[in-house]
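Below is one structure, written out as structure tokens; the observations come after it.
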Amino acid sequence: MKTHQKIQCLRLIDKLSNAGRYIFAFMAAIALSSKAVVLENYQSSSPLGKIIELAAAQFGGSTILTAFLCIVLVYLGTTRVAIRGSKVSIDILAVVFAAFCITGKSFAANNNLKYIVGNPYQFGFAVFGFCGYIWFFRICIDYLMDVIEAGRPDNTYIFNNGIDQKLMGKENKALFFLFILCWLPYLVIFYPGSVPYDGYLQLNMFYGIDPATNHHPWFSTLVMGSLHWIGGHVSDNFGVFVVILAQSFFCAFVFSRICKKIISYQISKRVKICSVLFYAIVPTWGAYAQALIKDTVYYGLFGLFMIYYIEMIETKKYSDKRHLLLFLMVSCAAELYRNEAVYILIPSIMSLMIIMAKKEYKKIILSLTVVLLVHIGFKQVIFPIFDVREGSVKEMLSVPFQQTARYVIKHEEELTDDEIETIDQVLSYQTIKEKYDPNISDPVKSTYRNPHREILIKYFRLWIKQFTKDPNCYIEAALNHCFGYYYPEFISKKMGNMQFYIKGEPLATGDLDIFYVHSEELRNNMNKFSHLWLKLPVLSLLMYPATYTWILLFLTTLMIRKNKWQDLTACVPMFLTIAICAISPVNGYMRYMLPVMAATPLLAGFCLNAVKTKEE
């Protein structure tokens with residue numbers, strides 16, 4: 001179909017009669033209020049009876065909500081009728097969001113796709129809801145795009161009384177102290193700081209209580225352990241507080257730098273204010289400021305990397321030697337602080353070749369070389385000194401192991417003795433059937449037997465063979481393990497998103513005397529306040545991992561509509577981080593999405609500013 005014919009079709013769709021809009025509004029209301037119930041046994045024998053029975057199960061107790069949504073959506077549908085040019089990109093994004101919702105709802109409710117493909121009646125209902133979602137998201141995206149595209153460049157500051165000049169100052173003291181002040185209740189109430197499992201294990205490894213491994217990057221272990229050792233001359237508690245204070249100051253500094261960058265853009269004053277409030281009052285940042293865990297420093301490093309990365313995209317070059325040196329230092333620190341960071345940084349730096357002038361290629365190659373040499377050299381030089389073992393390969397195999405466990409449960413009676421033996425040589429066959437959790441791979445991975453290379457090769461041959469037998473099982477296992485990163489109504493609750501605890505025995509061996517100073521009641525009240533955000537309408541979305549995936553996709557679509565192809569390079573580190581989250585051990589885990597969350601306001605400011613500037 002030719003381009004002008006597609007445009008004509010889209011315009012025809014937008015000129016639907018009011019009756020058509022009522023129908024789509026009704027479909028959207030059903031999609032938004034349905035419960036994703038799966039009926040396998042129907043009492044009625046007639047098709048109409050089964051449809052009514054299925055509908056009753058989906059909307060039991062939510063009839064009023066459905067009616068209210070229908071009225072609101074009809075209003076939106078009748079007011080959003082203006083069309084300005086082709087909206088293919090909006091249609092595509094609406095379809096993607098609708099697919100996220102329909103599949104995510106199915107997995108969240110049933111841990112499978114039966115809500116969509118359970119039977120012909122389920123499929124028909126799902127298609128009905130899918131179309132409703134498309135219509136709803138198309139209206140919302142269209143409205144937001146129009147607001148952004150109709151706006152004018154705005155270089156006003158947040159305030160009009162001179163405070164902005166202080167915010168734009170070299171040291172950003174006002175913002176820095178604002179963030180520390182807002183996080184102070186967490187730092188005080190949870191003094192000396194929470195020490196969750198990962199953080200406690202790293203302290204144990206630093207002091208030789210547990211064997212040293214790179215499962216948690218040894219560089220971060222050295223940094224946190226050294227700071228704790230310095231403060232430990234006073235007490236173990238004060239050592240924890242030294243770590244907490246250092247990482248809090250560092251993140252406050254990074255966030256103030258991010259806000260300074262956002263304030264400098266010619267974008268809406270509201271966006272600038274919301275960015276500052278985001279870092280100041282959203283509980284996530286205060287909660288992780290007081291937690292001794294590698295993620296806190298890493299999302300600060302990632303945010304700092306994004307500042308330098310975006311500045312290079314804006315200028316299309318390395319500004320000077322100092323800028324290059326700082327960029328390399330931050331990149332190296334980030335890759336050493338998290339094992340997966342190297343898989344984000346290398347492709348991101350390589351992508352700069354798309355936009356950089358040829359004379360800058362030498363600097364890009366230098367950057368890549370330095371990052372790789374530091375990554376390899378640290379292991380070759382430092383690991384032998386401290387007798388550090390590499391992390392297990394199982395950390396990269398969450399998805400295949402989940403697929404195997406799901407296949408075993410579903411097809412146990414069909415497996416041959418040789419297939420069972422092959423699986424059992426890699427994972428405990430009897431245990432994975434009992435421990436399998438579709439949203440967390442750790443229970444299955446914990447049965448990993450560290451087999452030889454030949455056994456692993458044999459296992460993966462079987463893994464491929466089983467995929468060809470039941471690809472649907474493998475697809476469901478993979479999607480069930482990652483839908484929380486694209487479905488905005490799901491967040492992992494089993495792993496503890498806020499890390500408000502000090503790990504006890506057996507990890508706490510007694511060698512370190514770490515304990516909370518203030519009362520449990522006071523800590524519980526702060527904990528309840530932080531988790532209250534997960535129940536607040538709209539504000540709760542700021543805590544859900546998938547929200548930031550949606551924002552990233554929206555910003556990408558915005559840039560494409562404005563033909564800002566080179567500026568899309570800024571999205572590369574974010575997409576790579578989300579991709580790694582999708583194959584991570586836990587589904588919909590806020591902690592894994594913290595780097596994306598921390599950098600989203602910066603990316604949003606950059607994109608909004610970019611679409612207001614003309615192509616050079």
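Structure summary
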| item | result |
| --- | --- |
| Projected label distance in nm at residue 366 and residue 416, using a 7 Å step from Cα toward the beta-carbon | 6.0 nm |
| FRET efficiency for residue 234 and residue 442, using Cβ-Cβ distance with R0 set to 30 Å, rounded to 0.05 | 0.25 |
| Among 38-49, 540-551, the order from most to least packed when residues are scored by Cβ within 10 Å on average | 540-551, 38-49 |
| Nearest-10 value in Å² for the accessible area of residue 311, using the 1.4 Å probe | 50 Å² |
| Net charge over other residues, Cβ less than 11 angstrom from the Cβ of residue 195 (K, R count +1; D, E count -1) | -1 |
| Where 131, 473 fall by accessible area, highest first, once all protein chains stay in place (1.4 Å) | 131, 473 |
| Sorted peptide list for 562-575, 290-303, 186-199, 357-370, criterion being average Cβ within 10 angstrom, highest first | 290-303, 186-199, 562-575, 357-370 |
| Residue 51-residue 535 FRET efficiency (beta carbon distance; Förster radius 30 Å; 0.05 resolution) | 0.30 |
| Mean separation of Cα contacts under 8 Å (6+ apart) over length of the stretch 286-366, as relative contact order % | 32 percent |
| Size of charge dipole - the stretch 467-616 - debye, nearest 20, with Cβ of Lys, Arg +1 and Asp, Glu -1, no other charges | 520 debye |
| Computed log₁₀ I(q)/I(0) - Debye formula, equal Cα scatterers, no solvent, the chain, q 0.11 Å⁻¹ | -1.26 |
| Largest-first principal axis extents of the Cα set of the stretch 287-444 (Å) | 65, 36, 35 |
| Net charge of Cβ neighbours under 14 Å - reference residue 215; Lys, Arg +1; Asp, Glu -1 | 0 |
| Protein-only accessible surface order, largest first, of 230, 382 at 1.4 Å | 230, 382 |
| Spin-label proximity, residue 457 to the stretch 377-408 - amide N less than 20 Å from point 7 Å beyond Cα toward beta carbon | 393-394, 397 |
| Under 12 Å, Cβ to Cβ, from residue 588 - net charge with Lys/Arg +1 and Asp/Glu -1 | +2 |
| Cα convex hull volume per residue for the stretch 331-396 (Å³) | 82 Å³ |
| Estimated FRET transfer efficiency when R0 is 30 angstrom, pair residue 269-residue 184 (beta carbons, to 0.05) | 0.65 |
| Entries of 359/564; 261/362; 260/612; 445/503; 294/458; 269/362 with Cα pairs more than 29 Å apart | 294/458; 269/362 |
| Listed residue (199, 242, 49) projecting farthest to the positive dipole end of the chain, Cβ model | 49 |
| Segment residue 326-residue 146, length gained on full extension (0.36 nm per residue, minus Cα span) | 60.9 nm |
| Protein accessible area in the stretch 373-412, 1.4 Å probe - carbon and sulfur % | 63 percent |
| Rounded accessible area per residue of the chain, 1.4 Å, Å² | 46 Å² |
| Interchain or long-range residues, amide H under 5 Å from residue 437's placed H | 444 |
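The values are calculated or read from the model by the stated rules, or taken from the named source; none is laboratory data. None of the values given here were measured: they were computed from a predicted structure. Glycine also receives a Cβ, built like all others from the backbone with ideal geometry; neighbour counts cover every protein chain displayed. For the accessible areas, the whole protein counts, side chains as well, though only heavy atoms, and no ligand, DNA or RNA atoms are used. Shrake-Rupley method; radii C 1.70, N 1.55, O 1.52, S 1.80 Å.
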